[in-house]
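Read the structure below first, then the notes.
The values are calculated or read from the model by the stated rules, or taken from the named source; none is laboratory data. Being a predicted model, the structure only gives us computed values, none of them experimental. Positions of Cβ are backbone-derived with ideal geometry, glycine not excepted, and every protein chain shown enters the neighbour counts. All accessible areas refer to the heavy atoms of the entire protein, side chains included, with ligands and DNA or RNA removed. Shrake-Rupley method; radii C 1.70, N 1.55, O 1.52, S 1.80 Å.
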Amino acid sequence: MTLLQLAGVHTYIGQFHILQGVDMQVEQGGVTVLLGRNGAGKTTTLKSIIGLLAPARGRVTLAGQAINGRPAYEVAQQGIGYVPEDRGVFVDLTVAENLLLAERRKGQLAARKAMLLELFPDLGRFWHQKGGRLSGGQQQMLAVSRALVPENKLLLIDEPSKGLAPIVVEQLAHAFNQLKSYTTIVLVEQNFWLASATGDRYYILDDGLTVHSGNMPDLIRDTELQARYLGVAAKGRAV
Amino acid sequence: METPHLTFPLLVTLLLNGVAIGMLYFLVAVGLSVIFGLMHVLNFAHGSMSMVGAYVGLAVFRLFGDPATGTAPTWAFALAILGGAMAGFVLGWVTERFLIRPLYKRPIFLILLTLGLILVLDETVKLIWGTSPQGLVIVPGLSGTVDVLGQPFAVYRIFLISFGLLMIGLTWYVVNKTRIGIIIRAGVQDSDMVQTLGINVRQIFTLVFAFGAALAAMGGIATTPFTGVHPAMSGDFLLKTFIVVVIGGFGSTTGTALGAICLGLTEQFLPWFFPRFAAVGPVVLMAVVLLVRPEGLFSVSGRRAG
Amino acid sequence: MMLKRIKADRWIIAVLLLLLLLPLPKLLAANGLIAADAVNWPPIHYLKRSTDVFVWAVVAVSYDILIGFTGIVSFGHSLFVAVGAYSVAIAVMKLGLSPVVGVLAAVIASALISVVVGSLSLRLKGHYFAMITLAFAEVGHVLALKLSQWTGGEDGLSVRVPLWLANRTNDYYLGLLFLAVIFFTVRRITESPTGRVLAAIRENEHRAQALGYDVTAYKVGAMTISGVIAGLAGVAMATIDTQFAIASLATSGPTIEVLLMTVVGGVGTLTGPVLGAAMIRLLSFALPGLQDISPLFARWQLFLGLIYVGTVMFLPDGIVGSYRTRVKTAFQRIFTPG
Ligand SMILES: Nc1ncnc2c1ncn2[C@@H]1O[C@H](COP(=O)(O)OP(=O)(O)O)[C@@H](O)[C@H]1O
Ligand SMILES: [Mg+2]
């Protein structure tokens, strides 16, 4: 079943025409990786889905329902969790408060806590620390956990590996693979290792357009395609 | 000019006075601080909203008072505070919902709008209540003085200190211990991110604006036993609010409380030590803090709430 | 080129001519060219109020340099008006100097103060900048009140002007000349390369910085030009308009009024602020007179406030700005092929 669909999405930031017709179809379950070099429009695509940016043209549908043009909080309530590029951890809030904030019903965090701690055992140690005191890796785990507090159909995760140590990236890969059975993930990733370790399908964006899509194993074999669109990141850095 | 000797009991009195006045400043200023931290709106009409609260409060007070003597039972003052606060709440609600909201994307026009509101509110007050100052007689339970180290100290100031501490405690509780408070503190940092968690931040904006105006209105009415009500209040309040919030740091309730007490004490002590600078001292202090430490004297890291 | 310019300016030229011609008989009479008692039109108060409009229009134009052409919102602008007014008032009344020396003093004082205020405060952004300008103006206000041996304290300083300035007809023409000179000078500045840098700063400060412009220096420059012009307007106020210097000039009240003029007329249009100044000043003369009709008009400033809020909400480009866009879109509609 198609969970998320983007059809001819055009998005402007101020005067600039950033997305110039993005098409995407995400089936339920698994990880869809969104690739493309810096400035290709990956972040803008995620923001256009969650509603932080309003597409000027085109349609975004979640499980058949149009969500484009709706305010971000309404889109999120449809069952989308968003982990932004800068992680969006609230530095003056404790880990517990950061997670509590994501509750859409009372008690959701309590019900989910065991699962989160199993996924990221570190979080338990920092439960009452301010978000600002966590390391980058811990912040990323918190940001992902926060998207897991309510029952989200879809997670949008923007470059989680950015600036993190290889060991943490491995931990994230493990977590994402575990989450596959539970939710659907759209993952923006420049780290080709993480992308190939978790991805099932891929889309490649270039200059605000979807230029390629297919199954991840095919892309892993196609080094020419990697070189053309993914530049440096396509060298397939081993961790 | 000869300065009278500053004795220890006098020092204590000045200290207590400063704290009492500081409580008033806290009430008036805290709304502006949180509103700015959360929605980046500098509400220039904040002082005017405080003044409207004072006038409405006085009107409520008079409803139950004796027109001949101007006195009223103690509970009439409680009702006055409540009535003023309600007027402030409604005013804040309507302002945010219908005037501010359409302009969030145009920050310069937001400033212009709140400036225009000053004219509208101040002139409306003058239209309804006239321009001459009006007094409010302190109700029986709160009048008179008590003895503090041999110096008379007004009961009303004790009331102010207790009421102020109560309100500081309440805001602290709401901001630090409730879900709304978590949303406010998170929103001060990044309200877009709060939205993406499924929270309608706009609703919280309206609520905060309304409560902020209500607190300012309470501050307005609580001032009247000292100064009476008069149309120049709005400008006075606005300037004091700016001073407090700049000293304390925008968006922080604790900072606002500290900034308010700081200003109260400065105003009490400056005339004793530097009488020539008493009038400009606080404004200069504000300018210096803005230039040297724009995030406020009491903030640990950039902008923070709590 | 010249012709094109004149054609584009035909409205401005027409209004200028009209204003020039109206009190001509009075001018001739005032200078003894025709019998004085033969002329009693236009009435004295017309001349007085027009002069007042001219002076405030200059303040509004100077403010437009900041808000319209550089994108700075200052809340202390009328401080410079006060500085100009006090400079000439103190020079003439306290030091017994000629008004010409007063004008020089005003230019120097307002230039110095705007450079100091500007370079201190322009490091701050947005709201913080607005607040610090408010603080500076408040310091000026308090100083004007406290240094009463120089400023007359609460009472202010009344300026005794030379006889030829005490003549309202002469004042009128001086005011008109003043406005015309300032208006065209400022327009020249905004159309110069410097003006285009200022516009670039208004549109996108970071980009202007990235292009290698010293943004702060340009802003301080804009503030100084604007401050000196406001100072000159203060001189005009103290000599040909109210002939008075008063501390309340430095408060936020007059600044808000100037902001109102600029916004209602149209930010960044120059003609808009002039039109706005005329509207607001004339309204503030006319509205109180309507008190016989309704006591509501005793609070005429309420109407200014409502106009202000209405403009901000529904006509953000102001009268002139909206007129221009409408004419432009109409043109485009007619001349766009297809
Ligand atoms: N606020 C902005 N103003 C102007 N251009 C922007 C802004 N944000 C992003 N862009 C531009 O939009 C393009 C796409 O950005 P983004 O979606 O962040 O790319 P990616 O996430 O793929 O690296 C880039 O060229 C970037 O320069
Ligand atoms: Mg990105």
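Only one residue in A:Gly41, A:Gly58, A:Gly8, A:Gly36 is out of contact with any helix residue (DSSP H, G or I) (no Cβ under 8 Å at 6 or more places or on another chain) and open to solvent by less than 10 Å² (accessible area, probe 1.4 Å), so which one is that?
A:Gly41
Hey, A:Tyr182 hits all of (1) buried (at least 22 other Cβ atoms within 10 Å of the Cβ); (2) of a type in the set (Phe, Trp, Tyr); (3) over 24 Å from A:Leu52 (Cβ atoms) but one; which does it fall short on?
(1)
B:Pro271 - would you say it is surrounded by fewer than 22 Cβ atoms within 10 Å (Cβ to Cβ) and within 14 Å of chain C (Cβ to nearest Cβ)?
yes
Kindly indicate which of B:Gly70, B:Gly53 is in contact with a Gly (Cβ under 8 Å, 6 or more places away or on another chain), at pLDDT 95 or above and more than 14 Å from chain C (Cβ to nearest Cβ).
B:Gly53
Here is a list: A:Pro150, A:Pro160. Which entry is touching a residue at least 60 places away in the same chain (Cβ under 8 Å), open to solvent by less than 10 Å² (accessible area, probe 1.4 Å) and more than 23 Å from A:Gly41 (Cα to Cα)?
Going through A:Pro150, A:Pro160 in turn, the sole match is A:Pro150.
Could you check how many residues of region C:54-74 are of a type in the set (A, V, I, L, M, F, W, C), more than 14 Å from C:Val186 (Cα to Cα) and surrounded by 24 or more Cβ atoms within 10 Å (Cβ to Cβ)?
The total comes to 4.
Report the residue count in region A:186-203 for those that are among the aliphatic types (A, V, I, L, M), under 16 Å from A:Asn215 (Cβ atoms), open to solvent by less than 10 Å² (accessible area, probe 1.4 Å) and not in a strand (DSSP E or B).
1
Could you tell me whether region B:235-250 includes any residue that is free of Cβ contacts under 8 Å to residues at least 40 places away in the same chain and more than 14 Å from chain A (Cβ to nearest Cβ)?
no
Between A:Gln138, A:Gln129, which is more than 30 Å from A:Met1 (Cα to Cα), in contact with a Ser or Thr (Cβ under 7 Å, 6 or more places away or on another chain), of a type outside the set (D, E, K, R) and more than 14 Å from chain B (Cβ to nearest Cβ)?
A:Gln129
Do you know which residues across region C:284-312 are surrounded by fewer than 16 Cβ atoms within 10 Å (Cβ to Cβ) and either of a type in the set (Lys, Arg) or within 19 Å of the chain's Cα centre (by Cα) (or both)?
Result: C:Phe285, single match.
With the requirement that a residue be more than 16 Å from ligand 1 (Cβ to nearest atom) and under 14 Å from the mean Cα position of the chain (by Cα), what does region A:30-80 give you?
Those that are more than 16 Å from ligand 1 (Cβ to nearest atom) and under 14 Å from the mean Cα position of the chain (by Cα): A:Gly30, A:Val31, A:Ala76, A:Gly79, A:Ile80.
Can you tell me how many residues within region A:204-221 are assigned to a strand (DSSP E or B) and in contact with a helix residue (DSSP H, G or I) (Cβ under 7 Å, 6 or more places away or on another chain)?
The first filter runs over region A:204-221 and keeps only residues assigned to a strand (DSSP E or B), leaving A:204-206, A:209-215.
Checking the rest, the ones that are also in contact with a helix residue (DSSP H, G or I) (Cβ under 7 Å, 6 or more places away or on another chain) come to A:204-206, A:211-212.
Of the residues in region A:204-221, 5 are assigned to a strand (DSSP E or B) and in contact with a helix residue (DSSP H, G or I) (Cβ under 7 Å, 6 or more places away or on another chain).
Please count how many residues of region A:124-135 are touching a helix residue (DSSP H, G or I) at 6+ places or on another chain (Cβ under 8 Å), in a helix (DSSP H, G or I) and surrounded by fewer than 21 Cβ atoms within 10 Å (Cβ to Cβ).
Qualifying residue count for the region: 1.
Here is a list: B:Phe44, B:Phe109. Which entry is within 14 Å of another protein chain (Cβ to nearest Cβ), surrounded by 15 or more Cβ atoms within 10 Å (Cβ to Cβ) and at pLDDT below 90?
Matching residue, one of B:Phe44, B:Phe109: B:Phe109.
This table checks each residue for (1) of a type outside the set (Asp, Glu); (2) out of contact with any Leu (no Cβ under 8 Å at 6 or more places or on another chain).
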{"residue": "C:Ile6", "(1), (2)": "yes, yes"}
{"residue": "C:Asp9", "(1), (2)": "no, yes"}
{"residue": "C:Val15", "(1), (2)": "yes, yes"}
{"residue": "C:Leu19", "(1), (2)": "yes, no"}
{"residue": "C:Leu22", "(1), (2)": "yes, yes"}
{"residue": "C:Lys26", "(1), (2)": "yes, no"}
{"residue": "C:Ala29", "(1), (2)": "yes, yes"}
{"residue": "C:Ala35", "(1), (2)": "yes, yes"}
{"residue": "C:His45", "(1), (2)": "yes, yes"}
